[in-house]
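Peer 1: Dumping the structure here so I can ask a few things about it.
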Amino acid sequence: MYQKVLDLDAQNAPALESLGYLARESGDPKAAAEYFTRLNSVDPNDYVAYLAMGDLATDTRDFPKAQANYERAYGLAKVNPLIIARAMNAALEDHQLPIAKRWLERATEMQRSNPEVMREHERYLTITGNYQESARLGYQVIQKLPRDPKLRSTLRTTFFS
C-alpha cells in the first residue's frame, strides 16, 4: 500500500517513514536508511528521519554517526523524550559516560519522567555505581513498563546475584 502511495507521490512523507520502519523491522537496514534519507530530503526540518537514522546507526554500532543524528533530531525537537533516551542508550552502549551524562543533563523534569528516559537513567546510575538510586528508579520504571525485559534483567543481575 505504501509503495503504491509512493508510485503516485514519490515525496509522500508518511509513506517514506512507514516504509523505512517496515524495512528496519524486516531486517533490511540498507533499505530503511534509503527511505529515511529520502524522507529527510522531503522535509529536512522533521526530526523523525534523524531519530530513525540514529537508531539505525546504533544498531550497527556506528556510535559517532548515531550521536550526530540524535543531535540533529534534538535540534529540531528538544521536547521529545525519545531522542534523549535513544541518545543515552547509544552513549551507554558505546561506554561514553560523559556523553550519556550530557544527554541526561539536557532532559527536562518532564522528559525525565518518561519511562524510556528513566530506564536509560537507571542504566547510567548502575554503570556509575549508584546502586541504591538505580534500584529506586528501576522499580519506578517497572511500574511504568512492567514487561520491559531489559530493565528486569539489569535489576536482577545488579541486585539479586
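Any read-out appearing in this document is the output of simple, stated calculations on the displayed coordinates, not a laboratory observation. What you see is a predicted model; the values in this text were computed from it and never measured. Glycine also receives a Cβ, built like all others from the backbone with ideal geometry; neighbour counts cover every protein chain displayed.
Peer 1: At a 10 angstrom cut-off on C-beta neighbours, averaged per residue, how do the peptides 80-87, 21-28 rank from highest to lowest?
Peer 2: On the way: 80-87: 22.4, 21-28: 13.6.
Highest-to-lowest ranking by the protection proxy: 80-87, 21-28.
Peer 1: Still on this structure, please answer the following. The list (1) 1, 7, 11, 11, 9, 9, 10, 11, 11, 9, 6, 4, 1, 0; (2) 2, 10, 17, 18, 17, 15, 11, 6, 3, 1, 1, 0; (3) 1, 9, 16, 18, 16, 12, 7, 5, 4, 4, 3, 2, 2, 1, 0, 0 gives values of P(r) over Cα pairs in 5 Å bins from 0, in percent, and only one came from this structure; which label was calculated from it?
Peer 2: (2)
Peer 1: Could you work out the per residue convex hull volume over the alpha carbons of segment 78-159, in cubic angstrom? Working shown, then result.
Peer 2: Values: hull volume 6.8 nm³, N = 82.
Residue-normalised Cα hull volume stands at 83 Å³.
Peer 1: Given 0.36 nm per residue, what is the gain on full extension from Arg147 to Glu105 after removing their alpha carbon distance, in nm? Spell out each step's value before the answer.
Peer 2: Numbers: separation 42, 0.36 × 42 = 15.12 nm, distance 2.72 nm.
Once the chain is fully extended between Arg147 and Glu105, it gains 12.4 nm.
Peer 1: What is the local net charge at Ala49, summed over the other residues whose Cβ is closer than 12 Å to its Cβ (Lys, Arg +1; Asp, Glu -1)? Show your work: numbers first, answer last.
Peer 2: Numbers: positive: Arg38, Arg72; negative: Glu17, Glu34, Asp43, Asp46, Asp55.
Once positives and negatives cancel, what remains is -3.
Peer 1: Between Arg112 and Tyr139, take the C-beta separation as r, use R0 = 25 Å, and let me know the FRET efficiency to the nearest 0.05.
Peer 2: Numbers: r = 16 Å, r/R0 = 0.63.
Using R0 = 25 Å, I get an efficiency of 0.95.
Peer 1: Follow-up question, since we're still on this one. At what distance in nm do the modelled label points of Val42 and Lys65 sit from each other, each positioned 7 Å from its Cα along Cα→Cβ?
Peer 2: Roughly 2.2 nm, to one decimal.
Peer 1: Across the chain, how many lysine pairs, 8 or more positions apart or on different chains, have C-alpha atoms separated by under 21 Å? Please give the number.
Peer 2: Details: Lys4/Lys30; Lys30/Lys65; Lys65/Lys78; Lys65/Lys101; Lys78/Lys101; Lys101/Lys150.
Lysine pair count for the chain: 6.
Peer 1: Grab the other residues whose beta carbon is less than 13 angstrom from that of Ala31, score K and R as +1, D and E as -1, and report the net.
Peer 2: Working: positive: Arg24, Lys30, Arg38; negative: Glu25, Asp28, Glu34.
That sum, taken over residues with Cβ under 13 Å, equals 0.
Peer 1: Under the 0.36 nm per residue contour assumption, what length would be gained going from the current alpha-carbon distance of Leu6 and Ala31 to full extension? Numbers along the way, then the final one.
Peer 2: Details: separation 25, 0.36 × 25 = 9.00 nm, distance 1.46 nm.
Full extension of this stretch gives 7.5 nm more.
Peer 1: With axes computed from alpha carbons, what is the tilt in degrees of helix 47-59 against the longest principal axis of the chain, rounded to the nearest 10 within 0 to 90?
Peer 2: The two axes meet at around 60 degrees.
Peer 1: Also, I was wondering about something else. Net charge within 13 Å of Phe63 by Cβ-Cβ distance, Lys/Arg positive one each and Asp/Glu negative one each, not counting Phe63 itself?
Peer 2: Numbers: positive: Arg61, Lys65, Arg86; negative: Asp55, Asp59, Asp62, Glu71, Glu93, Asp94.
In short, -3.
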